Amino acid sequence: MTARIPVLTIDGPSGSGKGTVARRVAERLGWHLLDSGALYRLVALASRATGLESMDEAGHAVCAATLDVRFSSRPDGEEQIWLAGQDVTAAIRTERAGDDASRVAVMPAVRSALLERQRAFAQSPGLVADGRDMGTVIFPEAEVKIFLTATPEERARRRHKQLKDKGLDVSLAALSREIAERDRRDSSRAVAPLVPASDALILDSTVMPIEEVVDQVLSVMRQRVG
Ligand code: DC
């Protein structure tokens, strides 16, 4: 029998800080990282090249199944993402890509086309998986499940700051509306909605510095996995 690969899942809404926490925890443990949102963003980008609006669910699913994606790290440690040999790191991080991703993510055929691909990230010595349904659908047997939240106001404020730091001028009110709409779509879809797993530990990062969240997650890991 092959040994089980330990998995830590971190789910939560956009702007909760889960991406940063997942990356830092994976670095500290020396484990692999699955940024599942990037896969949905890539499907949306690949679909857009073919016609996001005109395509039916089967077409989006074909895009998901045939994604030619590669993840690598830049010398400064930043993640780099390649789609069919093209560097799409910046292209998939736009607000539009996030919104498109949330739309294709509603489609059951897209979600099932990505299922095994996500599970294949579980490699020795362990995996930190970040997304919306990591603990509920993709890795229901995960050793540790975290659900990271923050108030919608705080999440909009963080996203606004990130965009401002990149030199982009977006109104806070417009961002708040977009975040509320994305939360609504992600939480109300029929398949794999954004909900905490029944055995997830819920952490609120509204007033907790990211380093403290990382430390708490690592301490839960040590208690459960040793
Ligand atoms: O985590 P993110 O913002 O990169 O995700 C973008 C969208 O992708 C998100 O709004 C919903 C979808 N998504 C999903 O449905 N399931 C996941 N496991 C990850 C992301």
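The values are calculated or read from the model by the stated rules, or taken from the named source; none is laboratory data. Since the structure is predicted, the reported quantities are computational estimates derived from the model, not experimental observations. In this analysis, Cβ positions are derived from the backbone assuming ideal geometry, glycine residues included, and neighbour counts consider all displayed protein chains.
Odds and ends about this structure:
- Residue ID - modelled with the highest pLDDT, chosen from residues in the stretch 35-59 that are among the polar types (S, T, N, Q) and within 22 Å of residue 82 (Cβ to Cβ): 36
- Residue list for the stretch 1-49, restricted to those being touching a residue at least 40 places away in the same chain (Cβ under 8 Å), assigned to a helix (DSSP H, G or I) and of a type in the set (A, V, I, L, M): 21, 22, 25, 26, 29, 38, 39, 42, 43, 44, 45
- Failed item, numbered, when residue 115 is tested on (1) aliphatic (A, V, I, L, M); (2) within 11 Å of the ligand (Cβ to nearest atom); (3) surrounded by fewer than 19 Cβ atoms within 10 Å (Cβ to Cβ); (4) closer than 15 Å to residue 33 by Cβ: (4)
- Boolean, residue 106 is over 14 Å from the mean Cα position of the chain (by Cα), within 11 Å of the ligand (Cβ to nearest atom) and buried (at least 20 other Cβ atoms within 10 Å of the Cβ): no
- Residue check for residue 210: in contact with a strand residue (DSSP E or B) (Cβ under 6 Å, 6 or more places away or on another chain) and more than 24 Å from residue 97 (Cα to Cα): no
- Only one of 92, 81 that is in contact (Cβ under 8 Å) with a residue 24 or more places away in the chain, assigned to a helix (DSSP H, G or I) and within 15 Å of the ligand (Cβ to nearest atom): 92
- Count of the stretch 123-169 residues, restricted to those that are part of a loop (DSSP other than H, G, I, E, B), among the hydrophobic types (A, V, I, L, M, F, W, C) and within 19 Å of residue 41 (Cβ to Cβ), is 1.
- Flag if residue 176 is more than 13 Å from the ligand (Cβ to nearest atom), surrounded by 17 or more Cβ atoms within 10 Å (Cβ to Cβ) and at pLDDT below 95: yes
- Figure legend. Inter-residue proximity from the stretch 118-146: first residues under 17 Å from residue 21 (Cβ atoms), second residues within 11 Å of the ligand (Cβ to nearest atom) and of a type in the set (Ser, Thr, Tyr), beta-carbon distance below 6 Å, spacing 6+ or different chains. Indicated pairs: 129/9; 131/36; 134/9; 135/9; 139/9; 142/9; 145/9.
- Some residue of the stretch 191-200 being more than 14 Å from the ligand (Cβ to nearest atom), surrounded by fewer than 16 Cβ atoms within 10 Å (Cβ to Cβ), closer than 18 Å to residue 12 by Cα and not aliphatic (A, V, I, L, M): yes
Rundown of residues vs (1) hydroxyl-bearing (Ser, Thr, Tyr); (2) touching a strand residue (DSSP E or B) at 6+ places or on another chain (Cβ under 9 Å), yes/no style:
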{"position": "54", "(1), (2)": "yes, no"}
{"position": "70", "(1), (2)": "no, yes"}
{"position": "86", "(1), (2)": "no, no"}
{"position": "99", "(1), (2)": "no, no"}
{"position": "109", "(1), (2)": "no, no"}
{"position": "112", "(1), (2)": "yes, no"}
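- Boolean, residue 74 is exposed (fewer than 15 other Cβ atoms within 10 Å of the Cβ), more than 12 Å from the ligand (Cβ to nearest atom), at pLDDT below 95 and closer than 24 Å to residue 7 by Cα: no
- Test result for residue 129, of a type outside the set (Val, Ile, Thr), more than 13 Å from the ligand (Cβ to nearest atom) and either buried (at least 21 other Cβ atoms within 10 Å of the Cβ) or within 25 Å of residue 181 (Cβ to Cβ) (or both): no
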